[in-house]
Structure formats: C-alpha cells, structure tokens
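Worksheet: one structure, shown below.
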Amino acid sequence: MIDAKNITFTYDEEEPKKYVLKGLDLHIKRGSFVAVLGHNGSGKSTLAKTFNGILLPSGGTVYVAGMDTKDETKIFDIRSTAGMVFQNPDNQMVAAIVEDEVAFAPENLGVEPSEIRRRVDECLETVNMSEFAKSSPSRLSGGQKQRIAIAAVLAMEPECIILDEPTAMLDPKGRSEVIKTIKELNKSRNMTVVLITHFMEEAAIADRVVVMNHGRIEMDDTPSKIFSQVEKIKELGLDVPQVTELVFELKKQGIDLPSDIITIEECHRAILEKLKKGTKND
Amino acid sequence: MFKDITIGQYVDGNSVIHRMDARVKILLSILYIILLFVIDSIALYAVFGVFTAFLVIISRVPFKYIIKGLKPMLYILIFTAVINLFVTGGETVLWQSSLWKGLKITKEGLTIAVQMVLRLVFLVIGTSLLTLTTTPIMLTDGIEKLLKPLDAVKVPSHEIAMMMTIAIRFIPTLSEETEKIIKAQKARGADFESGNIIKRTKAMVPILVPLFISAFKRADDLAIAMDSRCYNSGKKRTRMKQMKMTWIDAAASGVMIAFSVFVIIIQRF
Ligand SMILES: Nc1ncnc2c1ncn2[C@@H]1O[C@H](COP(=O)(O)OP(=O)(O)OP(=O)(O)O)[C@@H](O)[C@H]1O
Ligand SMILES: [Mg+2]
C-alpha cells in the first residue's frame, strides 16, 4: 500500500546535517494496522507527511498504491488514496456545519452532487455522528470533532488512513471513541491504518508496531514482541503499556509469566492460571 | 467578548425565508440596505419597522437571536445618538445648557439622531436575518456566484468566498481562545479593568501576542489539512448543495421590489 524506499528528509537544505529522516525503509501492507511510536522529535509527523506528498523526501522515493509521490500529475489520486487526520481537531476543520465539512474533500475532487450527498451520509453513519450532520463543530466534544475529521477523510474513499496523534488532545472518553472508530474501520472495512501515537495502550491494538528513533526505524515487530523488550523501549524514551510493566516487574520477582502480554484480558488470564497452578503445586 | 456576534450563527428552520436562494436573499438584502439610506422621514421609518417586523415573523427566527445581534451594538448606538444630538446645528432649539450656550439640542439634531439610530438598528436586524436564515456555506457560495462575473476583471471570487467561510468557521474558536488567554493572564495578576485608555490598551498586548501566535499556528495546520483533502482553489470544484431558484424567490423579489417602489414614491412626494 505504502512503500517508502530509503527516504531521507531535511527541512533545511542549507544545513544537510540536520536530517530529520535518515534513510528509512518501510513497507505497509494493504489492510494492516501499523502503529508508529517514537520520542518527541523523532520524525514521526515528518514521515507521515511524506506519505501523501505534503512533504517530498529529499532522497529516496515514497510509493502510494504504486504511485510515486513526486509525480505531480497524480497528487490528488495520492492524497485521496492516503487520507490524513491530524492532532488538533479544531485546526483541521474548514466549514461551520458538520455535513459541509465532510463534503469538503469530495467537492474538491469534483464528485457529482448526489454522490457527495451519499458519501456524506454514509461517512457520518460510519463514525456514528449522523445526528449531528447539521450542527456546528464548535459545539461538539473533542472526540466528536475528531470523528468528524475522520469522516471528512473517509469521504474521499481512501484505501489508507494515516492518523497523526489523533487522540493527543482528547479526554479518556474521546480517546476511546476515536480508537474504537479506527479499529472498526480496519477490522470491518479492511482499511489500511497508520496510527502515530504516544499512548502505548493504543499501539498495543495494532498488528504491527514501528518504533522510530532520531529519524531511523529502531524496532519493527508485533506489539507483543516489541513490548516484551521493556528495557530497550525505555532506553528509547518510551513507556510500555501498564500491564506489560506489571508482568515485567512480576517476572523480575521470579514469577514465571509469558512476556508477550499486552492486553488487560491476557494479563488477567495469565495471572489467574498462575495462581491456580501455584495452589495445585503446594 | 465575541460571544454575542451573531454573524455565522445559523438558526435551522424551514420558513419561506430559509428556503430562499442565497443569491436572491443577498441581493434583496442589499436592496433593503440601500432603501434604508434613501428614506429620511420618521413616518417612512415606521413603515420600514412594520415591514422588518413582518420579515422577522415569517422567518420564525426566535426574537432573542435578533436582540442578541443588537447587544454588541449598544455602545455604538448610544455614541451615534449623542454625537448627532449635540453636533447637528439647527434653528429650533429645544434645550440649551445654562452653563455653556454651545451645548444645545435642536429639533433637527433630535431628528437626525433618531434616524441614525433607527438606520443602524434596521441595518443590523436586516443583515442578521440574512445570516441567521442562511447556512454559512450557502452564504459564501452565494457571494461566490454573485462575484463570479467579476472574475473577468481578476476578482478572485472563489478565494474571497473561501476566506469568508474560514473566518466564519474560526470566530467561535478564536473567541473561546481569547477568553482563555484573558483568564490565564488575569490569573497571573494582569489588570484589564483599571487605568486610563492608554493603560488599558497596553494591557491588551499580552492578550494579542499569544492570540496571534496561535492563529498563525492554526492557519498553518489548516492549510496542511486542506491540502491533504485535495483542495485546489476552486478548479473543477463541485458543490453538494446546489442552488436553485423557485417560485419563493420570484414571490420574495416581487414583494421586495413592490415595497421599494412604494417607499421611493412616498419619499419623493
Ligand atoms: N516545519 C518545520 N521546519 C523545521 N523543522 C521542523 C519542522 N517540523 C518539524 N521540524 C523538526 O523536525 C524534527 C522532527 O519533527 P517531527 O514533528 O517529525 O517529530 P515527531 O516525531 O512528530 O514529534 P512529536 O512527537 O513531538 O510530534 C524535530 O526536530 C523538529 O524540530
Ligand atoms: Mg508529531
């Protein structure tokens, strides 16, 4: 779906030493759910912006569904294939009415009016916001605004959706609404998802986690394999999900638990089993 | 501070005024404003008042929205009234200050003051009625369509409309932000209420600086978000909501034109 081949990037051509991306290869498979982690300034947002041609790599090439992002004639195809949702829900809304906001992208693409109407209704339904079609976004909660932003991108009928810290400014309720929506898109629509996040619990639900460090990919594996390396993750300036931390500490105390636990349910089951076994052995 | 601004506040409804074509509504509003500046007799203002009340009633916009639109105008209205009352010269003196002979109220001054205030009030009611019954997108689309012929003389009609759309969209966001900054500065001991005008103006600086910085950041983010959704300044752009004129527009134009002719005839004789 997205294929980044040895890309480098600098904001400042004058001082090429300050490369933000330093030769990075990444292949994102169709239908996969990839989480991208990394400390502040590691280049996550920059990488995301090269995925839809907002930024062009200084060296190397990015292909989106086989299209080179440097190809200016395909730029609208690229942007409507790889939709992008940003961190601040207020700063990405153009219109003062929800349904006009969702209509913005297909209007830009020159879609027929009746088809735009159909897409707007369908996309609002998808994110569970149909009842707010005629409201003003300024009256909605952060989580609702962010779901509108997702609907506004879905209206382009993209194959892939890239979200740059979509939950960073939300309260826990808004965060779980948004994550549920994203997960649903990936599971039921087979939408390719790239989720940049600082929340380890969010990364844990992905199929694959990519950890960035100073413009390079440092780790790239399944969430359970990544989070079982607690010490290395901490070295990279990140945290692990709370349950992983718990298991890690228990193991240090000599309690033998599988190290690839990342969800509360898994942890719950493993500890229960351990306790049962423990009582049997005594 | 900006909470009372009703521009861009749309009140959903299905009245005949709501169902009018935005273009027709804008043109008729312009006619309404021109008319307002043509008339200058108190009797005609009374007629105008009745007509405006009629428009408000058939629009079924709750009266409180109309009042809300007038509230931020209060000081301007008082200022206009006072200035016109005392500055306008005239023959028939109604009242004169015993301390200073120059300070007097004349019949002419009183008439002009009342007229100016009524003009402003009707102006605000008329324009609020337009924005309260038209969705912001329809309003800006209407303006874009009306300006389209001027593209030939390099008027960027689409860009103007887009700028207005974004401005309307960001009024509530920026007003919320302003309030937040004011509160934050107050919490740090800033004083906006005391002192003379210069001192108070100076006190605004710590509000404006962060406000501008954040507005630029927002503009930057918005530009990227728009680019990401294939924005291409109006080339081959379509619209979800198509504008079309119906019998309502024909009827409304008829009523408005008849009213204008009536007013102008009375005004002339
Ligand atoms: N527009 C810009 N101009 C110049 N330098 C920039 C610009 N945007 C980002 N940078 C720099 O590039 C580096 C990587 O930034 P980037 O925003 O990609 O990091 P990030 O991983 O998304 O960080 P965060 O977690 O804070 O969002 C940082 O050192 C940053 O200062
Ligand atoms: Mg970032």
Answer in debye to the nearest 20: the dipole magnitude of region A:157-226 about its Cα centre, from +1 Lys/Arg and -1 Asp/Glu charges placed on Cβ, is 180 debye
Filtering trypsin sites (Lys or Arg not before Pro) in region A:89-183 by DSSP loop and by at most 12 other Cβ atoms within 10 Å leaves A:LYS134
Note to self: C-alpha centroids of region A:99-123 and region B:70-91 sit apart, in Å, by 49 Å
Taking max minus min of the Cα coordinates of region B:162-269 on each principal axis, largest first, gives extents in Å of 59, 51, 18
The summed charge of the B:SER29 Cβ neighbourhood (under 14 Å; Lys/Arg +1, Asp/Glu -1) stands at 0
With A:ASP256 itself left out, Lys, Arg at +1 and Asp, Glu at -1 over residues whose Cβ is under 12 Å from its Cβ give +3
One finds the C-alpha centres of region A:195-259 and region B:219-269 to be spaced, in Å, by 55 Å
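How much of the calculated P(r) for the protein assembly as shown lies past 41 Å, in percent of all Cα pairs?
Details: 61427 of 151525 pairs.
More than 41 Å apart: 41 percent of the Cα pairs in the protein assembly as shown.
Hey, got the dipole for the protein assembly as shown? About the Cα centre, +1 on K and R Cβ, -1 on D and E Cβ, debye to the nearest 20? Walk me through the intermediate numbers first.
Details: 69 positive and 64 negative charges, 320 e Å.
The dipole of the protein assembly as shown has a size of about 1540 debye.
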Under 5 Å from the placed amide H of B:THR106, counting only residues 5+ away or on other chains, we find B:LEU94
Sorted by chain and number, the residues with a modelled amide H under 5 Å from that of A:VAL210, at a separation of 5 or more or across chains, are A:ALA35, A:VAL36, A:LEU37
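Suppose every Lys and Arg Cβ carries +1 and every Asp and Glu Cβ carries -1, with no other charges. What dipole size does chain A come out with about its Cα centre, to the nearest 20 debye?
Details: 36 positive and 45 negative charges, 146 e Å.
Charge dipole, chain A, about its Cα centre: 700 debye, nearest 20.
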Binned at 5 Å from zero, the C-alpha pair distances of chain A give percents of 1, 6, 12, 15, 16, 15, 12, 9, 6, 4, 2, 1, 1, 0, 0
Taking alpha-carbon centroids only, region B:122-190 lies from region A:1-78 a number of Å equal to 36 Å
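For A:77-88, what's the mean count of beta carbons from other chains sitting within 10 Å of each residue's beta carbon?
Numbers: counts 1, 1, 5, 3, 0, 1, 3, 5, 2, 5, 1, 5.
Mean inter-chain Cβ contacts per residue within 10 Å come to 3.
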So the angle from the long Cα axis of helix A:264-281 to the longest Cα principal axis of chain A, reported in degrees to the nearest 10, equals 10 degrees
Dividing the helical contributions, -39500 (n - 2.57) per DSSP H run of n ≥ 4, by the residues of the protein assembly as shown yields a 222 nm value, nearest 500 deg cm²/dmol, of -17500 deg cm²/dmol
Cα-based Rg then Dmax for chain B, in Å, read 22.8, 71
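Please compute the Kirkwood hydrodynamic radius of region B:82-207 from all pairs of different C-alpha atoms, in Å with one decimal.
Result for region B:82-207, one decimal place: 19.8 Å.
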Taking every other residue with Cβ under 11 Å from the Cβ of A:HIS27 and scoring Lys and Arg +1, Asp and Glu -1, one gets +1
With the charge dipole of region A:241-282 built from beta-carbon charges (+1 for Lys and Arg, -1 for Asp and Glu) about the Cα centre, the Cα from A:LEU275, A:VAL243, A:THR263 projecting farthest to the positive end belongs to A:LEU275
Hull surface over four for the Cα convex hull of region A:241-282, reported in nm², is 2.7 nm²
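Coordinate-derived values only; no laboratory data. Since the model is a prediction, treat every value here as computed from it, not as a measurement. When we count neighbours, we look across all protein chains shown, and the Cβ atoms used for this are built from the backbone with ideal geometry, even at glycine.
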